[in-house]
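Since the structure comes first, as C-alpha cells, the remarks are kept for the end.
The values are calculated or read from the model by the stated rules, or taken from the named source; none is laboratory data. Note that the coordinates shown come from a computational prediction; the quantities given were computed from them, not determined experimentally. Heads up, the Cβs are rebuilt from the backbone with ideal geometry, glycines too, and the neighbour counts pull from every protein chain shown.
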Amino acid sequence: MGQIDDAIERADREAFTREPPKTLPTRINYLLKQLGSAKAVAAELGVTADSVNRYRRGARKNPPKDITAKIDAAVRSRWQPLVRKRRRKQAAATGGITVETRARFGYTAPIGTTDDGRFRRLTVHLPATFAQRLFDARDAGADDQEMRGIIAEGFKDIYFQDGGSRATGISDVAINDIDYLDLDF
C-alpha cells in the first residue's frame, strides 16, 4: 500500500466506536464469523486450517510476527464497516477531508515567477468533491500516484489559488518527497 492508502486506513481506524478484539482467540473467532470457515481464514492469513483451529482453541498462543500482523490487518479491515462507510459517505457528501502533510510541492507557473519546489508543511481542508474523488479512485484500485494527483489538484484550488482569487497562472501542482501525510474526515 502507498502512503495515501495508509493515511485513509488510519483515518478509518479513528472512526471506530469500539475497539476491535484484542486476544488471539477472539480475533480468530471474529474472522471465522466473518469468513465462514477455518479454511477461508487460513487462505486469508497464509497458514493451514489446523493452525487457525489451534489459534482459536488457544493451543498455539504466539504466532510468528508476520502472521500476527496479517491477523491484525484482517480484523481491522473488517471491523465496523458500517461506521467507516457512514464517515466516508458524510465526508464525500458534505464534510470534506482534511489533509495534513509535509512534502515538497512544485508547480508550473508563468515565466518570471518562482516555481521551484520546496518543502511545505500544510494542513488544508479539501471540499467534499475531492473526498469523493479520492474514495472513488481508491475503490477503483488507483495507485498512490493517482491519489496524490487528486490531493495536489485540491491543494492547487484551495491553498495555492484560494478558490480562484489568487495565483491563477499556476497550472499544475505536484507533491513529491512526502515526509508524512495524514487524513481526517
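Within the range 72-105, the only residue that satisfies the criterion of being among the acidic types (Asp, Glu) and either in contact with a strand residue (DSSP E or B) (Cβ under 6 Å, 6 or more places away or on another chain) or not in a helix (DSSP H, G or I) (or both) is Glu100.
Mind checking whether some residue in the range 120-137 is closer than 30 Å to Thr23 by Cα and surrounded by 15 or more Cβ atoms within 10 Å (Cβ to Cβ)?
Checked against the condition, which is being closer than 30 Å to Thr23 by Cα and surrounded by 15 or more Cβ atoms within 10 Å (Cβ to Cβ), the range 120-137 yields no hits at all.
Taking the range 29-40 as the range and being over 24 Å from the mean Cα position of the chain (by Cα), within 25 Å of Glu9 (Cβ to Cβ) and in a helix (DSSP H, G or I) as the test, the residues that pass are Asn29, Leu32, Lys33, Ala40. What is the number of the single condition among (1) assigned to a helix (DSSP H, G or I); (2) of a type outside the set (Val, Ile, Thr); (3) surrounded by 14 or more Cβ atoms within 10 Å (Cβ to Cβ) that Ala69 does not meet? Single failed check for Ala69: (3). Quick one: count up the residues across the range 27-56 that are in contact with a helix residue (DSSP H, G or I) (Cβ under 6 Å, 6 or more places away or on another chain), surrounded by 16 or more Cβ atoms within 10 Å (Cβ to Cβ), of a type in the set (Lys, Arg) and more than 11 Å from Ala74 (Cβ to Cβ). Of the residues in that region, 1 qualify.
Taken over the range 41-56, the residue count meeting the criterion of being small (Gly, Ala, Ser) and more than 29 Å from the chain's Cα centre (by Cα) is 2. On inspection, Arg13 qualifies as within 19 Å of the chain's Cα centre (by Cα), surrounded by 12 or more Cβ atoms within 10 Å (Cβ to Cβ) and modelled with pLDDT under 95. Of the residues making up the range 72-86, those that are under 14 Å from the mean Cα position of the chain (by Cα) and buried (at least 17 other Cβ atoms within 10 Å of the Cβ) number 1.
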